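The values are calculated or read from the model by the stated rules, or taken from the named source; none is laboratory data. Computed from a predicted structure; not experimentally measured. So basically every Cβ, Gly included, is an ideal-geometry build from the backbone, and we count neighbours across all protein chains shown.
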Amino acid sequence: MSRLLLGLLLLSTISIAVPAQTAKSRFDPDGSFWVVGNPPEGFSDFSAINLNGQRLRRLPTHGLQLNNGKTFYFKTLTVKRDDFSFTTLPRGGIYYTFAGKFLRGGVFAEQDLSDEQPVLEGVLTKYKAGKKVAEAKMKFSYFGGT
């Protein structure tokens with residue numbers, strides 16, 4: 001048998017498993033996002049943006065949370081690395097919108113992220129009775145729950 005034929009025969013018996021998505025390329029930002037620094041004017045009652053797509057017990061429910069514990073649930077939500085946006089359902093005539101992007105990829109819960117390291121940035125807007133009452137470009141750090 002020729003070397004070329006033998007080489008082709010050996011190559012045809014080798015199979016390589018290539019995963020569709022590696023752990024490094026997977027994107028999962030589930031957790032809480034807190035303002036880095038002091039909240040801007042008009043957002044002193046803001047606490048966090050919470051993502052919990054997997055409905056984990058260690059994480060708060062999906063939504064925007066205020067310091068008093070009130071949650072504004074998402075009406076619309078897009079969670080992509082380069083496009084994170086939402087609109088909340090109104091509560092007492094108030095609702096919020098956000099348009100921004102994540103500054104890193106991967107599975108956030110598996111990363112060693114400091115509470116001052118920005119991982120999300122964008123513009124948060126607050127509406128009351130359909131009128132814009134506050135708007136600010138903000139940076140957020142990540143907290144993965146307990």
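The table below gives the values:
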read-out	value
Near pairs, Cβ below 8 angstrom, 6+ apart or cross-chain, from segment 72-99 (on the phi > 0 side of the Ramachandran plot and acidic (Asp, Glu)) to any residue that is surrounded by 13 or more Cβ atoms within 10 Å (Cβ to Cβ) and assigned to a strand (DSSP E or B)	none
Output for segment 100-124, where each listed residue is part of a strand (DSSP E or B), under 11 Å from the mean Cα position of the chain (by Cα) and in contact (Cβ under 8 Å) with a residue 60 or more places away in the chain	Phe102, Val107, Leu120
Qualifying positions in segment 40-60 - over 13 Å from the mean Cα position of the chain (by Cα), under 23 Å from Gln117 (Cα atoms) and free of Cβ contacts under 8 Å to residues at least 24 places away in the same chain	Ser44, Asp45, Ser47
Options Pro90, Pro19, Pro60; residue that is more than 18 Å from Met138 (Cα to Cα) and at pLDDT 95 or above	Pro90
Scan of segment 108-123 for residues that are over 13 Å from Val36 (Cβ atoms) and surrounded by 15 or more Cβ atoms within 10 Å (Cβ to Cβ), ordered by number	Phe108, Ala109
Residue within segment 40-57 that is part of a strand (DSSP E or B), surrounded by fewer than 14 Cβ atoms within 10 Å (Cβ to Cβ) and not β-branched (Val, Ile, Thr) present	no
Some residue of segment 107-127 being of a type in the set (Gly, Ala, Ser), out of contact with any Gly (no Cβ under 9 Å at 6 or more places or on another chain) and farther than 18 Å from Leu66 by Cα	yes
Hey, Thr87 in contact with a strand residue (DSSP E or B) (Cβ under 8 Å, 6 or more places away or on another chain), part of a loop (DSSP other than H, G, I, E, B) and of a type in the set (S, T, N, Q) or not	no
Residue tally, condition assigned to a strand (DSSP E or B), farther than 20 Å from Gly53 by Cβ and not acidic (Asp, Glu), over segment 125-146	12
Qualifying positions in segment 93-110 - modelled with pLDDT of 95 or more and either in contact with a helix residue (DSSP H, G or I) (Cβ under 6 Å, 6 or more places away or on another chain) or of a type in the set (A, V, I, L, M, F, W, C) (or both)	Ile94, Phe98, Ala99, Phe102, Leu103
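Each row is one residue, and each column tells you yes or no for (1) surrounded by 13 or more Cβ atoms within 10 Å (Cβ to Cβ); (2) modelled with pLDDT of 50 or more; (3) farther than 19 Å from Phe102 by Cα.
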site: Leu10; (1), (2), (3): no, no, yes
site: Leu64; (1), (2), (3): yes, yes, no
site: Thr71; (1), (2), (3): yes, yes, yes
site: Lys80; (1), (2), (3): no, yes, no
